[in-house]
Amino acid sequence: MGDEMHAIIKRIAAREILDSRGNPTIEVEVTAKGKAAGFGRAAAPSGASKGKHEVVAFSEGGVGASVKAVKKLVTAKLLGVAVDDQEKVDSLLHEADGTSNFSKIGGNAAVAVSMAVAKAAASAHGMPLFKYLGGERATRLPYPLGNVLGGGAHAGKMAPDIQEFIAMPVGAKKFVDAVFANTRVHKRVRALIEARDKTFTGGKGDEGAWAPNLDNLTALEVVSKACENIRDEVGFEVRPALDIAASSLYDDKKRAYIYGREGKSRDTGEQIDFVVGLVDKYKLFYVEDPLQEEDFDGFAELTKKIGRRCLICGDDLFVTNVARIQKGIKAGAANAVLIKPNQIGTLTDTLKAVQLAKKHGRVPVISHRSGETVDETIAHLAVGWGCPIIKTGAVGGERIAKLNELIRIEEELGKNAKMGDLTWK
Ligand code: PGA
Ligand code: ZN
């Protein structure tokens, strides 16, 4: 876009708002005026099991300091710029910050500005964001990975060590059927937990997944059983998946993965064997971060072993960073790439990560964070950029904000709507 300067950025406002954990985060509003007028509002999420190589979330001094930085450093640069020149806006964000990791203004401030600008531009063009980003080709809905049971950094100490046990409705023909399959799995998981643990109080972790007092294998049994039950009820395939978030388990000094809940420790070889065993026994469709964030070789070995029958996705490994994704492509590490805009700070950088992944047959998986707001931007990114999978929870207001937006998009696309392409190299 950007060929016609029909609206320029006139106003940028930033404020501190709540996220789903009750922590402060940043929200930004952008107003554009000219031949057309536009308005966009976006908020940044935040992680609990952040990758070491992510950009810095907020300025030194926290969210308030980032809000001030938007006012002091960003606004002056962006006023008067064509609202639909996203690349220029994003390069000016880098310039305003002046560091390599957004430590001055905060990556969360950058991403909120970047997304609000895109939304204002779409609004000035009189289009929904997904169409503004993807044009007529933007007709494919993503398959939703629904987190239904969890532990790790998202829940208490008695919950499983593995961070997320996920449902993946791979056989769904429509997005709306896919998300309702996930919520059915979520409900069934509760019933199956209660059958095993009479003391279960219905506790949930940060993303609305049940957080029971179960060991990892029992939890996986439960989720796998629930997926099978619901598959039989809805008549299409629903497969289990995991986010192991292995960096959270890894002890650098011991060079081992510590499963505290089970009193077990696994070295890299044992971890790889463990994951291969789980993939084969439970027919896992997808495993995220099976190894710690520096272990490109381990990822490559695992991908070689099971990458034909399972998606191996790098989150903390890649942190939506083109240089790290490139390194992964060279090494054959992973066949899917998690895409979190606030790990890298701008939409332009995020899009480059998506394009690089796709060019090499890696599946881009657009994702929420554990701390979220009702911002629905990632739903539009999934359709606009053609990401065949979205990971954004199964229940809870800040999760359904994205899922319900995708239901609306599917309805708007009508008979042109298709599900994403789940093939990979
Ligand atoms: P987060 O991580 O808590 O950093 O958002 C979620 C994930 O590991 O995918
Ligand atoms: Zn993850």
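The values are calculated or read from the model by the stated rules, or taken from the named source; none is laboratory data. Note that the coordinates shown come from a computational prediction; the quantities given were computed from them, not determined experimentally. In this analysis, Cβ positions are derived from the backbone assuming ideal geometry, glycine residues included, and neighbour counts consider all displayed protein chains. Protein only, heavy atoms only, side chains kept; ligands, DNA and RNA dropped before computing areas. Shrake-Rupley method; radii C 1.70, N 1.55, O 1.52, S 1.80 Å.
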- Message: Of the residues ALA13, ALA32, ALA37, only one is out of contact with any Leu (no Cβ under 7 Å at 6 or more places or on another chain), open to solvent by 60 Å² or more (accessible area, probe 1.4 Å) and more than 16 Å from ligand 1 (Cβ to nearest atom); which?
- Response: ALA37
- Restricting to strands (runs of 3 or more DSSP E) lying wholly in segment 263-364: which have 3 or more residues that are not charged (D, E, K, R)? 311-314, 336-339
- Return yes when THR75 is modelled with pLDDT of 95 or more and farther than 30 Å from GLY152 by Cα and no when it is not. yes
- Task: Specify the residue that is farthest from ALA13 (Cα to Cα); the eligible residues are those in segment 100-158 that are small (Gly, Ala, Ser) and without any contact (Cβ under 8 Å) to a residue 12 or more places away in the chain.
- Result: GLY135
- Task: Looking only at segment 42-73, count how many residues are crowded, with 21+ Cβ neighbours inside 10 Å, more than 16 Å from ligand 2 (Cβ to nearest atom), part of a loop (DSSP other than H, G, I, E, B) and not hydrophobic (A, V, I, L, M, F, W, C).
- Result: 1
- Query: Taking the condition open to solvent by 10 Å² or more (accessible area, probe 1.4 Å) and closer than 25 Å to LYS330 by Cα, does ASP267 pass?
  - Reply: yes
- Message: I'd like to know if segment 250-257 contains one or more residues that are over 16 Å from LEU317 (Cα atoms), small (Gly, Ala, Ser), out of contact with any His (no Cβ under 7 Å at 6 or more places or on another chain) and open to solvent by 40 Å² or more (accessible area, probe 1.4 Å).
- Response: no
- Of all residues in segment 294-318, which are surrounded by fewer than 24 Cβ atoms within 10 Å (Cβ to Cβ) and either under 19 Å from ILE258 (Cβ atoms) or within 13 Å of ligand 1 (Cβ to nearest atom) (or both)? GLU294, ASP295, GLY298
- The correct count of residues that are more than 16 Å from ligand 2 (Cβ to nearest atom), touching a Phe, Trp or Tyr at 6+ places or on another chain (Cβ under 7 Å) and open to solvent by 10 Å² or more (accessible area, probe 1.4 Å) in segment 319-348 is 2
